[in-house]
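The values are calculated or read from the model by the stated rules, or taken from the named source; none is laboratory data. Only a predicted model underlies this, so the values are computations on that prediction, with no experimental measurement involved. Cβ coordinates were reconstructed from backbone atoms using ideal geometry, including for glycine residues, and neighbour counts include every protein chain displayed. Accessible surface is based on the protein model in full, side chains and every heavy atom, while ligands, DNA and RNA are left aside. Shrake-Rupley method; radii C 1.70, N 1.55, O 1.52, S 1.80 Å.
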Amino acid sequence: ELGMDDALKGVAGAWDSGGGVKPSSIKEGEEEGGEEGGEEGIAPSAGKEDSETHFNLGIAYMEMEMLGEAAKEFKIAQKDPKFEFECFTRLGLCAMTERNFDEAISCYVKGLKVPNRNDDERKGMMYELALVYEAANKKEEAGKLFNAIHSIDPKYREAALKVKRHEEDTVKIPKDDGLIEV
């Protein structure tokens, strides 16, 4: 009488004869919560145009440690300039977690090129990039970034400690003072 049937069809599917709701996304003979209605059933309902949904879905996948699925969602969401920077950050974190250092470096470098970001955001991404370089055993690149961050903000996270460690690890080559024989 109030048009509830029409409203509910769009939301929950058609009413079955038993009075219960049968969602239209569940096929005949398939139970709710089965494999087909699980993780793969989430993504198709999200429209490709809705980048915020893809971004949020990517975060959810990250929290469930489904990094491959998370990366797919972030790659879709990054097409929206509103989410581009955050997506590169998350993609870098996913790659770093999987110890794919080259991919993480690529994501962070691309993220640093995204326009209209504030200094704190860039500083954070530079720090994450430096951590990836450090994990990838690219000490020279890591040291340069930690030094740059430290010169911008000496109290930022552990930048001062990282600079000190990298200076201690750097091999000092003595200057030619006539004491070295070859």
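A few comments on the model shown:
- Filtered residue count, the stretch 58-102, keeping only those that are of a type in the set (D, E) and part of a helix (DSSP H, G or I): 6
- Subset of the stretch 127-152 (residues that are modelled with pLDDT of 90 or more and among the β-branched types (V, I, T)): V132
- Close pairs from the stretch 57-69: first closer than 12 Å to R90 by Cα, partner among the basic types (K, R) and surrounded by fewer than 20 Cβ atoms within 10 Å (Cβ to Cβ), Cβ under 8 Å, at least 6 apart: G58/K72
- Condition check for V109: hydrophobic (A, V, I, L, M, F, W, C), over 13 Å from the mean Cα position of the chain (by Cα), surrounded by fewer than 17 Cβ atoms within 10 Å (Cβ to Cβ) and within 29 Å of T53 (Cβ to Cβ): yes
- Sole residue being in contact with a helix residue (DSSP H, G or I) (Cβ under 6 Å, 6 or more places away or on another chain), under 30 Å from S151 (Cα atoms), in contact (Cβ under 8 Å) with a residue 12 or more places away in the chain and open to solvent by 40 Å² or more (accessible area, probe 1.4 Å), chosen from M96, M125: M96
Yes or no, residue by residue, for (1) modelled with pLDDT of 95 or more; (2) not charged (D, E, K, R):
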| position | (1), (2) |
| --- | --- |
| G20 | no, yes |
| E65 | no, no |
| K82 | no, no |
| R90 | yes, no |
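- Residues of the stretch 106-125 that are of a type outside the set (D, E) and either at positive phi or in contact with a Phe, Trp or Tyr (Cβ under 8 Å, 6 or more places away or on another chain) (or both): C107, Y108, K110, G111, V114, N116, R117, K123, M125.
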